[in-house]
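Down below is the structure, laid out as structure tokens.
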Amino acid sequence: MPFGYMGQILRVDLDTEAIEKETLPDEVYRKYIGGRGIAARILYDELPAGLDPLDGKNEVIYMTGPYTGVTAPASARYEVCTLSPQTGFFGAANGGGFFGPTLKRAGFDGVILRGKAKNPVYLWVNEGEGELRNAEKLWGQDTFKTEDLIREELNNDRIRVSCIGPAGEKLVNFAAVMCDRGRAAARAGAGAVLGSKKLKAIACFGKKQVKLAHQEKFREVATRFNKQFMKNAIFQYLKLYGSAGTMSLQFLMGDVPVKNWTQSTFDGMEKIGGHGMYKTILVRDKACQGCVISCKRSVRVDKGKYKLEENPISGPELETVCALGTNIMLDNIYALAKANDLCNRYGLDTISLGNVIAFAMECYEKGLITREELDGIDLKWGDPDAIIACIKLIANREKIGDLLAQGTRKASQKIEGSEHFSVDVKGLEVAMHDPRSNQLLGIHYASNPYGGRHSAATEAIITGMASLPSPDLDFLAEPNVHVLDRLSPFGKAKPIITMQDRGAMFDAAGLCTWLVSMRVPPTHFLPAFLTLITGWKMSYRKIFLKTGERIINLIQAFNIKHGATMKDYTLPHRLLKEPHVDGGSKGHVVYLKPMLREYFKLRDWDWETAKPNKEKLVELGLEKIADDLWH
């Protein structure tokens, strides 16, 4: 067993209730590291082509990385991977908090779930053993109550629980997986797949320690970088205002979507952003396990129309503030906190949900759906009560909420005249960063194998910000004049490939992207961190970046196996054909075609089929996959 790992995977067959411990070869750990890397290899090998994501043969894989659970900043991440019901391709949701480290302390690097239970169950992982338990009394409960009931049943308040809410049970396509009373592994609809399997939750507890190759040296280095974090200006800003504190800078760029991506300025931004939250509902900051960054918000709304069920509780982060704020023109911070709390309890991806509500509002405004179809809701832009009612309609799949629960792409295919209102890539609603303001994001959204996901290349957002006149951010930019020109399509393919490869490695290792964003430690030092953990020599370019490239190509091959073609590598009409009408990117669209051609050439992917070329796959040690794709 290599250092940094527990050396076991728990495999659960929900059809037969069989539970087995599985040991992966050391070679698998070295080639794919962990997280989505190992999960992608397993899913590629085990899922047949043409599979319906809600078929019992689909698998949901929870997977940690070697960095998960070590005593260091930004070390709490884990991945939930599956064949996505939103895209039909590879889906990965990234989560934080305490669940991932606790799963490792319980003795496992990951859990593989397959089949469908006859009745609702949850998985209890305790000190190296797994057990399926009856979850009948949990079915129908929200995610907070589910955590409480499991801890009560098992008589242990130190248990960590990852679970779905009613949205997952009802197979809402963008249902999230939740833990720690408001932390989400949200994207790609893994919650719906768990709901189809009648798997309500995974609860885990353990006291095992992650053994490192160079324990003392790692502790020394981690302590040093903790001190640097504490002095870092961006860290201090995040701790004070949270991720939503960056909104004012993003608005200067035209980065934040407003009114279903038709505008980029919004007078109510200051009321709901990090500064507005700080002045009104913020109680304190909160951290994932072992992290000093503390970017999570804890908020209080204990009176009035939008009083929360319990206080204080998890508050909205940047993506939620934009999705359920600016993009639907809501400027009431109290209603926004209530909407966020409802999403956490139902188990909903707020990015997709905000896009769905914005889509529905535009349809309603233009007479394509009626008030009767909305169960009497007068779905006007920015109306707090209408928004909260719409969330409930979607989560419970009532009236037109049943259609909206399928996401914007599928809804737009059934509501005549709404085709251009859906802002999605490959079926996954685009995250809250408008690529018309940043061409790096444009090529990223179109080319990456996950769809409209920003966090697979967070550096693209940071680099876009660095192009603005702000001395505090100058050090974040790539040393490339074309990269710094955020509105030009030239020279963008090469840096986004590097960012995507790095992002794949960060997620595989269990690193948080905020570590990347602050560049403390410098990106080139991260392989040395992994060397101290695993004992493996890991050069930056030959191993670190090459492993990220291998993971990206593996996931691309997975998507090809499941039907991806060149038509899936594009952007929605609104981003390609409708220029910004205001703000810092007025007059611009995404200039995709030249960037995409350069990207495919540099990736060594076939322009006609989107397949990675055989020689590239062989170079990356993916010989079997090369034979599969090019037989």
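The values are calculated or read from the model by the stated rules, or taken from the named source; none is laboratory data. Owing to the predicted nature of the structure, the values given are computational and were not obtained by experimental measurement. FYI the Cβ positions are ideal-geometry reconstructions off the backbone, even for glycines, and counts take in every protein chain you see.
Looking only at residues in the stretch 197-237 that are assigned to a loop (DSSP other than H, G, I, E, B) and among the charged types (D, E, K, R), which one is surrounded by the fewest Cβ atoms within 10 Å (Cβ to Cβ)?
K207
It is to be established whether one or more residues within the stretch 21-35 are at pLDDT 95 or above, under 16 Å from A188 (Cβ atoms) and outside any loop (DSSP other than H, G, I, E, B).
yes
If you take just the helices (runs of 4 or more DSSP H) that sit entirely in the stretch 564-631, which of them hold at least 3 residues that are closer than 20 Å to L440 by Cα and at pLDDT 95 or above?
The helices (runs of 4 or more DSSP H) meeting that bar are 573-577, 592-603.
With respect to G427, determine if the residue is under 19 Å from I351 (Cβ atoms) and small (G, A, S).
Working: under 19 Å from I351 (Cβ atoms): yes; small (G, A, S): yes.
Considered against the rule, which asks whether it is under 19 Å from I351 (Cβ atoms) and small (G, A, S), G427 comes out as yes.
Has the stretch 155-163 got any residue that is surrounded by fewer than 23 Cβ atoms within 10 Å (Cβ to Cβ), more than 30 Å from V70 (Cβ to Cβ) and not small (G, A, S)?
no
I'd like the full set of residues that are small (G, A, S), surrounded by fewer than 24 Cβ atoms within 10 Å (Cβ to Cβ) and more than 21 Å from S84 (Cα to Cα), limited to the stretch 411-458.
G417, S418, listed by residue number.
For the stretch 529-568, which residues satisfy the criterion of being crowded, with 19+ Cβ neighbours inside 10 Å and free of Cβ contacts under 8 Å to residues at least 12 places away in the same chain?
Across the stretch 529-568, the qualifying residue is only M538.
The rows are residues; the columns are (1) under 27 Å from H524 (Cα atoms); (2) modelled with pLDDT under 95; (3) among the acidic types (D, E).
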| residue | (1), (2), (3) |
| --- | --- |
| R409 | no, no, no |
| G417 | no, no, no |
| D424 | no, no, yes |
| E429 | no, no, yes |
| H444 | yes, no, no |
| D472 | yes, yes, yes |
| F475 | yes, yes, no |
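Quick check on the stretch 137-146. Is at least one of its residues more than 27 Å from the chain's Cα centre (by Cα) and at pLDDT 95 or above?
yes
Which of (1) surrounded by fewer than 23 Cβ atoms within 10 Å (Cβ to Cβ); (2) part of a helix (DSSP H, G or I); (3) within 25 Å of the chain's Cα centre (by Cα) does I387 not meet, given it meets every other one?
That leaves (1) as the condition not met.
Of the residues G347, G354, which is crowded, with 23+ Cβ neighbours inside 10 Å, closer than 27 Å to R574 by Cβ and at pLDDT 95 or above?
On inspection, the qualifying residue turns out to be G354.
Give the residues of the stretch 274-306 that are assigned to a loop (DSSP other than H, G, I, E, B) and without any contact (Cβ under 8 Å) to a residue 12 or more places away in the chain, sorted by residue number.
A287, D302, K303
Checking L149 against (1) of a type outside the set (K, R); (2) without any contact (Cβ under 8 Å) to a residue 40 or more places away in the chain; (3) not in a helix (DSSP H, G or I), only one condition comes out false. Which one?
(3)
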